[in-house]
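The values are calculated or read from the model by the stated rules, or taken from the named source; none is laboratory data. Bear in mind that the values here come from a model prediction, so they are computed numbers and not experimental data. We place every Cβ from the backbone using ideal geometry, glycine too, and count neighbours over all the protein chains shown. Side chains included, ligands, DNA and RNA excluded: accessible areas come from the protein's heavy atoms. Shrake-Rupley method; radii C 1.70, N 1.55, O 1.52, S 1.80 Å.
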Amino acid sequence: MASRLGRIAIGGLAVTAGTGLATYLLLTDGHDRRMGALHAQRCPAKAKRGLPTREEQIKSLQSDSFDVVIIGGGATGAGCALDAATRGLKTALIEADDFASGTSSRSTKLIHGGVRYLQKAIMQFDIEQYRMVKEALHERASMLNSAPHLAHPLPIMLPVYTWWQVPYYWVGIKMYDIVAGSKTLKSSYLLSKKNALELFPMLRGDRLCGAIVYYDGQQDDARMNLAVALTATRHGATVANHVSVTGLMKEKNAEGKEVLCGVHVKDELTGNKWTVPAKCVINATGPFTDSIRKMDNPEVKEICAPSSGVHITLPGYYSPEQMGLLDPSTSDGRVIFFLPWQKQTIAGTTDLPCEVTHSPRPTEDEIMFILEEVKNYLNPDVEVRRGDVLSAWSGIRPLVSDPNKPDTQSLARNHIVHVSDSKLVTIAGGKWTTYRAMSEETIDAAIAACGLKPTHKTCQTDGLLLEGAHGWTPTMYIRLVQDFGLECEVAQHLAKSYGDRAFAVAKMASLTGKRWPIIGKKIHPEFPYIDAEIRYGVREYATTAVDMIARRLRLAFLNVQAAQEALPDIINIMGEELEWSEDEKKKQHKQASEFLQNEMGQNVNRASRDKIPINLKKEEIQLYIKRFQIIDKDRKGYVSINDIRRSLKQHGEKEVPGEELHEILREIDTNMNGQVELDEYLQMMSAIKSGHVTYSRFARMAELEEQKHEKEMLKKKISVERSGGGL
């Protein structure tokens, strides 16, 4: 009874606090609308400049001096470059790897205000948390307007399994709508149990009381980051990936103080080194913030508390195509999202302190934690299998540390802008949704600290349309189908990924040789990516195979095995565009394979399968031994590449490329000796039985071989007389 009264009291406090915040909001929202209108009036027109080549960008870095040099090509760094360039400052953006190669491509893909931060704001009467949520909700609307091809509203369901939580969560979600004010995407609503199960049939129904649906935004994060960087260079910024900063340059100013005057850089592709002079240096390196700050001052105190967030990709049938799911209180108190994305389902995230690294890797424990939490919310018909994990990745959140907070979960995703004694401007913390507001604050600080003279003193990016947005419409894909003869699914994908630039991509597509579609050769049969995207991706500054499979295309994040299978064709097309030698192609294949194995979960998937004990029955083992021996016609004791090639030919496959044969072999060749032994085959079949592997081309091939063998044996047993005079 006491606990129930306590809950009612908490609910009452929430309503009271919510009403107060709502009153404050309603009094200030009109001002926000007026400010938004002013920003929209100030937005510069669409930039006329074409995209310079990477060689031209490097030449500019080597010969020009700049008002601002920004280190870091993630969301915040690209946002700073766009803000500075649109104000009329001579701007350079330098990224050691690729645009969005770090945290910015490894997010939950949500554009959100932060429901749980609003809960903290209300329950703890924390005005700072409230302001952070309000700012994020404004920025959410701005992102959806600036890049409608890359971002869209997504309904998210919050299932409720206890009656007293229904009004509690409903009040909280309604407060989220109220705080958004005129920027609300769509109003939240309450669902009965029956209606919740109709919208999300995979949901567990027992004990379900109902559900609440609210709206946030969803994006293609890596392509959004790239769109910001491309828009910056359209407005005159020099942007260069695979260029690292090796040191900071200093000189004495009129007051005798040492201040920054540029950076020492290295082109990671050629090894060339030079210096880039600049009036201001901005550090926007996310998790690597402190390493740049220590270049400036080795004694500086660290301000970042890195936290690992792991996500997994599951097949699309795990969730409805247009409805996400939020688990507000997992077994250890963290929040997990379960969201449709690119026709698959992504689930995450974990939140654990970690070390900063350039190649974060998902762990088996984190993957299993997510799967176990997902299992709690899905009905028994949906068997959550370890083998359904198509990809897994880890991103490092650059949280701003606070010595008074006990763990990373209590760290708000707010940000700080700091100017050092030598005028190094650092932007740290924050989150994807607020990248533009963070960039605005950073450039304001840079102008003040370094005495810069911009053409426009105020920010020009609120409401500025990004690359691909100017001519985009929701039905633009129909013109792509009609004008070019593209497959409908491919046309929809191109329109969503490139916006009005999709026409430029389509013009580069090769003929299929079929009646339909006329153009657009797919690089993998299961996905809508076509050959033209590889060629266009090179013009978007993709210089490595990893750049292509992870960030220009999102194949590595959607299905690591499919990415591995598509690699040879991708590398061949890139090789034509970039004039790669055979040695360079092999190098690219090796690097991309290692990326998929280590950073996209391929190795951890394999390890999970290989440690499963063989749990086959005696008759199952005998069946699989029989199949194995049928393939191994020469009784060598193992299956070779030639055995696989012969078997595929017998089943109607045309000449299979050698690389594809090796891929089939690698699925099962655990000791990597180039052949399949019987114990490896039994291990695979055991993993399939336990759900740690969903399918195996080798296993299916063995099954077909046995069926063919049985038919041939049957023919030999039946005489001509008994068969009625013929076979």
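A compact table of results
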{"item": "Point-to-point label distance, residue 421-residue 607, nm (Cα→Cβ direction, 7 Å offset)", "result": "4.5"}
{"item": "Residue 198 versus residue 455: modelled label distance in nm, points set 7 Å from Cα along the beta carbon direction", "result": "5.5"}
{"item": "Accessible area in square angstrom per residue, the chain, 1.4 angstrom probe", "result": "43"}
{"item": "Carbon and sulfur %, accessible surface of the stretch 317-397 computed with the full protein complex present, 1.4 Å", "result": "51"}
{"item": "Histogram of C-alpha separations across the chain, 10 Å bin width, %", "result": "3, 13, 22, 24, 19, 11, 5, 2, 1, 0, 0, 0"}
{"item": "Principal axis box of the stretch 645-714, alpha-carbon based, largest edge first, Å", "result": "33, 28, 20"}
{"item": "Heavy-atom accessible surface of the stretch 484-585: percent carbon and sulfur, 1.4 Å", "result": "48"}
{"item": "Surface/4 estimate of mean projected area, convex hull on alpha-carbon atoms of the stretch 122-194, nm²", "result": "6.1"}
{"item": "FRET efficiency for residue 182 and residue 51, using Cβ-Cβ distance with R0 set to 41 Å, rounded to 0.05", "result": "0.70"}
{"item": "Residue 646/residue 626 FRET efficiency (R0 22 Å; Cβ-Cβ; nearest 0.05)", "result": "0.75"}
{"item": "Residue range of the chain that is longest and free of GluC sites (Glu not before Pro) which are both DSSP loop and sparsely packed (at most 10 other C-beta within 10 Å)", "result": "1-254"}
{"item": "Longest site-free stretch - the chain; sites: chymotrypsin sites (Phe, Trp or Tyr not before Pro), DSSP loop, at most 12 other Cβ within 10 Å", "result": "164-694"}
{"item": "Inter-label distance for residue 126 and residue 356, nm, one decimal - labels placed 7 Å from Cα along Cα-to-Cβ", "result": "2.4"}
{"item": "Backbone N within the stretch 187-214 under 14 Å of label point (7 Å from residue 163 Cα along the Cβ vector)", "result": "207-210"}
{"item": "Solvent-accessible area, 1.4 Å probe, carbon plus sulfur percent, for the stretch 160-249", "result": "60"}
{"item": "Extension reserve of the residue 704-residue 479 stretch, reckoned as 0.36 nm per residue once the Cα distance is removed", "result": "76.7 nm"}
{"item": "Per residue convex hull volume, Cα atoms of the stretch 505-647, in Å³", "result": "172"}
{"item": "R0 of 45 Å, Cβ-Cβ distance residue 618-residue 598: FRET efficiency to nearest 0.05", "result": "0.70"}
{"item": "Among the listed pairs 109/689; 294/431; 120/193; 273/585; 294/453; 496/521, those beyond 21 Å (Cα-Cα)", "result": "109/689; 294/431; 120/193; 273/585; 294/453"}
{"item": "Theoretical gain in end-to-end length, residue 672 to residue 507 [0.36 nm per residue, Cα-Cα removed]", "result": "55.2 nm"}
{"item": "Per DSSP, loop trypsin sites (Lys or Arg not before Pro) in the stretch 157-191 with at most 12 further Cβ within 10 Å", "result": "186"}
